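Have a look at the structure below, then the notes.
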Amino acid sequence: MSTQISVDLQAATPPYEQIRSQIASLISLGDLPSGSKLPTVRALATDLGVAAGTVARAYKELEAEELITSRRRAGTVVNERPQPVDTSEDLLAAVDHLWALAAAQKVDAATLKALVARRERK
């Protein structure tokens, strides 16, 4: 699994958040199915070249989101989740909805793209 995760230490996004979001994505897409065992904090930290506390914080946030469960001696596993959603259809529906909202407010394509780009940087 650690080969599917990378950390950009130069990015504005903190490393723990990069790890959290990538693991959450792998879970939501079904690439990490329910019951999958995650690497130990120390092992993943070593693989990614970050401090163990960074991975621990990412795992803690994933636990708060109820995506994973960590147990002493049993390790960290992915929780039961509903079937993966076909994100392509969901995203297309969201884009259609966004275009409809923009059209209703007479926002042109260039302005909408600029708004999306601005939001992407956050």
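What to note about this one:
- GNM on the chain, alpha-carbon springs under 10 angstrom: the most fluctuating residue among 87, 13, 111 is 111.
- Taken along the Cα-to-beta-carbon direction at a fixed 7 Å, the label points for residue 114 and residue 90 span 3.1 nm.
- If R0 is taken as 22 Å, the Cβ-Cβ distance between residue 10 and residue 51 corresponds to a FRET efficiency of 0.85.
- When the Gaussian network model of the chain links Cα atoms closer than 10 Å, the mean-square fluctuations of 12, 64, 104 top out at 104.
- The C-alpha atoms of the chain define a longest principal axis, and helix 15-28 lies at about 80 degrees to it.
- Using a Gaussian network model of the chain in which every pair of alpha carbons under 10 angstrom is joined by a spring, one finds that among 93, 58, 43 the greatest mean-square fluctuation is at 93.
- Options (1) 16.5; (2) 15.2; (3) 14.7 - which one matches Kirkwood radius over Cα pairs in Å as calculated here: (1)
- For the stretch 3-122, the dipole from Cβ point charges (+1 on Lys and Arg, -1 on Asp and Glu) about the Cα centre works out to 540 debye, to the nearest 20.
- At q = 0.26 Å⁻¹, base-10 log of I(q)/I(0) for the stretch 53-119 (Debye sum, equal scatterers on each alpha carbon): -1.07
Rule-based calculations on the coordinates, nothing more; no lab input. Keep in mind that this is a model prediction, so the values were computed, not measured. With ideal geometry, Cβ positions are generated from the backbone for all residues, glycine too; neighbour counts draw on all protein chains shown.
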